[in-house]
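The values are calculated or read from the model by the stated rules, or taken from the named source; none is laboratory data. The structure presented is a predicted model; accordingly, all values stated were derived computationally and were not measured. Virtual Cβ from ideal backbone geometry, glycine too; neighbours counted across all protein chains shown. Heads up: the accessible areas ignore ligands, DNA and RNA and are worked out on the full protein's heavy atoms, side chains in. Shrake-Rupley method; radii C 1.70, N 1.55, O 1.52, S 1.80 Å.
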Amino acid sequence: MSETAELKIDGKTIELPIVTGSENEKAIDISKLRGSSGYVTIDPGYKNTGSTTSSITFLDGEEGILRYRGYSIEDLADKASFLEVSYLLIYGELPTTEEYSKFKTEITQHTLIHEDIKNILEGFPSNSHPMGVLSSLVSSLTAFYPESLDPNRSWDDVDLSIKRLLAKLPTMAAWAYKNEIGHPANYPDNSLDYCSNFLKMMFAVPSEKYEADPVIANALDKLLILHADHEQNCSTSTVRIVGSSHASLYASIAAGISALWGPLHGGANQAVIEMLENIKKDGGDVKKYMAKAKDKNDPFRLMGFGHRVYKNFDPRARIIKKAADDVLNKLGINDPVLEIAKGLEEIALKDEYFVERKLYPNVDFYSGIIYRALGIPTSMFTVMFAMGRLPGWIAQWKEMRENKEPIGRPRQIYTGSNHRPLNR
Ligand code: MLT
């Protein structure tokens, strides 16, 4: 039975098809609305608007469910590696042993970046924010790999661009960090796994031998999995709409990195740790700051609480909170900022003001604490989010291209001046 919705408008009844997803989500298909009624819909921030159908990620905001290609993030964080999850998101299934071995080899072959990228890096002053550097370096890949410019050329070319980007992003991220602190860049060590290689490129210095702590590498791998995709969030929607113009994968991802940089999106994890450090500097009185958060006249803003989609809890925050505890215990770190975070969470989960407003910790609340424990500097927190989100962006861009989706071109309602003659 085909379901429809009836819209009564201007004396007409318009039937609009209902779309039902595999998890029984419902949508009204308005693609014919303007042609049959002259009306468009308007929904600033698209909070009630679905931009596409997708088979990549399912999340249920009421139940706190997040699944990649049907697997729960709890299972994947516990039983898979970030590269396996990347393969799952991009190609639709977890890799067989042979597929995984081939995939890892291909990724390893592409970890180096062109030496000329050092010239681009040198153009950035030290203390440049790594997110701005990273977006520029990803965009520069179109210059070094011109065959990537036309995404319609061949799927083999697109697949090569995908593997190059997965392989090179950690190198570019580490080089952006080294540029920020004025240290020499480290070349990738292809004998190491994805996260250990990244940590070595981040923290090795010429005069000392560096070996990544497996506890830290494993925790980082889990964090990247938890950030790998999140359906049609701001940066993913940016990647899709840029890609819908048939811009290259690299141009689309560079745009996604810029969208993620904003403090209301991926930049929130950096803002959370800066908030916690400020509370610590001011004596660590969590009750005082939760009272400030409730005071409309107080400029203090509570970062890392609540979520546009999750209504009761962010499943990723639960996993990251436990991982933070485990990592700090294993590393023997007693971080007062973690205690402050737990104090804020305890109040938020009990105080009616926060409970009514669904202000509970989201993925950004604990991620900054664990990144700090892993030795990742604050300015790199959002870069870590970008590294994790990369396979999701790629998978969503690829799905949009495979489905031959049209160029994204929303309409508007004009509210400016009516026609007025220019009398001169
Ligand atoms: C994300 O993971 O992208 C953030 O939680 C933001 C969102 O989904 O809107």
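For segment 289-304, the count of residues that are open to solvent by less than 40 Å² (accessible area, probe 1.4 Å), assigned to a helix (DSSP H, G or I) and either hydroxyl-bearing (Ser, Thr, Tyr) or on the phi > 0 side of the Ramachandran plot (or both) is at least one. Annotation note: of Lys168, Lys222, Lys209, the sole residue that is more than 22 Å from the chain's Cα centre (by Cα) and of a type in the set (Lys, Arg) is Lys209. Filter segment 42-58 for residues that are free of Cβ contacts under 8 Å to residues at least 12 places away in the same chain, exposed (fewer than 12 other Cβ atoms within 10 Å of the Cβ) and not in a helix (DSSP H, G or I) and give the result. If the condition is that a residue be free of Cβ contacts under 8 Å to residues at least 12 places away in the same chain, exposed (fewer than 12 other Cβ atoms within 10 Å of the Cβ) and not in a helix (DSSP H, G or I), then Asp43, Asn48 are the ones that fit.
So for segment 119-130 (the condition being more than 27 Å from Thr382 (Cβ to Cβ) and out of contact with any Pro (no Cβ under 7 Å at 6 or more places or on another chain)), does at least one residue qualify? Checked segment 119-130: no residue is more than 27 Å from Thr382 (Cβ to Cβ) and out of contact with any Pro (no Cβ under 7 Å at 6 or more places or on another chain). For segment 382-403, the condition of being more than 16 Å from the ligand (Cβ to nearest atom) and open to solvent by 40 Å² or more (accessible area, probe 1.4 Å) holds for at least one residue. Selection within segment 183-231: residues that are of a type in the set (Asp, Glu) and within 16 Å of the ligand (Cβ to nearest atom). The member of this set that is most open to solvent (accessible area, probe 1.4 Å) is Glu231. Just to verify a result, which residue in segment 120-131, among those that are open to solvent by less than 20 Å² (accessible area, probe 1.4 Å) and under 18 Å from the mean Cα position of the chain (by Cα), is nearest to Ala247 (Cα to Cα)? My answer is Met131. Here is a check on your reading of the model: is Ala254 within 14 Å of the ligand (Cβ to nearest atom), within 20 Å of the chain's Cα centre (by Cα) and either within 19 Å of Ala173 (Cα to Cα) or of a type in the set (Lys, Arg) (or both)? No: the conditions fail for Ala254.
A single entry from Asn312, Asn334 fulfils the requirement of being more than 16 Å from the ligand (Cβ to nearest atom), polar (S, T, N, Q) and in the same structural domain as Phe385 (by TED's automatic domain parsing): Asn334. Taken as a whole, the structure places Pro361 among residues that are modelled with pLDDT under 90, surrounded by 12 or more Cβ atoms within 10 Å (Cβ to Cβ) and not aliphatic (A, V, I, L, M). Residues in segment 257-272 that are away from the ligand (no atom under 12 Å from the Cβ) and either within 10 Å of the chain's Cα centre (by Cα) or buried (at least 23 other Cβ atoms within 10 Å of the Cβ) (or both) were compared, and the one that is farthest from Arg389 (Cα to Cα) is Val272.
One line per residue, one yes/no per condition, for (1) in contact (Cβ under 8 Å) with a residue 60 or more places away in the chain; (2) in contact with a His (Cβ under 6 Å, 6 or more places away or on another chain); (3) part of a helix (DSSP H, G or I); (4) open to solvent by less than 60 Å² (accessible area, probe 1.4 Å):
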{"residue": "Arg67", "(1), (2), (3), (4)": "no, no, no, no"}
{"residue": "Glu74", "(1), (2), (3), (4)": "yes, no, yes, no"}
{"residue": "Ala77", "(1), (2), (3), (4)": "yes, no, yes, yes"}
{"residue": "Val85", "(1), (2), (3), (4)": "yes, no, yes, yes"}
{"residue": "Pro95", "(1), (2), (3), (4)": "no, no, no, yes"}
{"residue": "Ser139", "(1), (2), (3), (4)": "yes, no, yes, yes"}
{"residue": "Asn152", "(1), (2), (3), (4)": "yes, no, no, no"}
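For Glu180, the conditions (1) charged (D, E, K, R); (2) open to solvent by 10 Å² or more (accessible area, probe 1.4 Å); (3) modelled with pLDDT of 95 or more are fulfilled apart from (3).
Is at least one residue of segment 273-288 of a type outside the set (S, T, N, Q), within 16 Å of the ligand (Cβ to nearest atom), over 18 Å from Thr236 (Cα atoms) and outside any loop (DSSP other than H, G, I, E, B)? Scanning segment 273-288, I find no residue that is of a type outside the set (S, T, N, Q), within 16 Å of the ligand (Cβ to nearest atom), over 18 Å from Thr236 (Cα atoms) and outside any loop (DSSP other than H, G, I, E, B), so the answer is no. Screening the candidates Phe300, Phe305 for the property of being within 16 Å of the ligand (Cβ to nearest atom) and modelled with pLDDT of 90 or more yields one hit, Phe305.
Taking (1) open to solvent by 40 Å² or more (accessible area, probe 1.4 Å); (2) in contact with a helix residue (DSSP H, G or I) (Cβ under 9 Å, 6 or more places away or on another chain) in turn, Asp335 satisfies each apart from (1).
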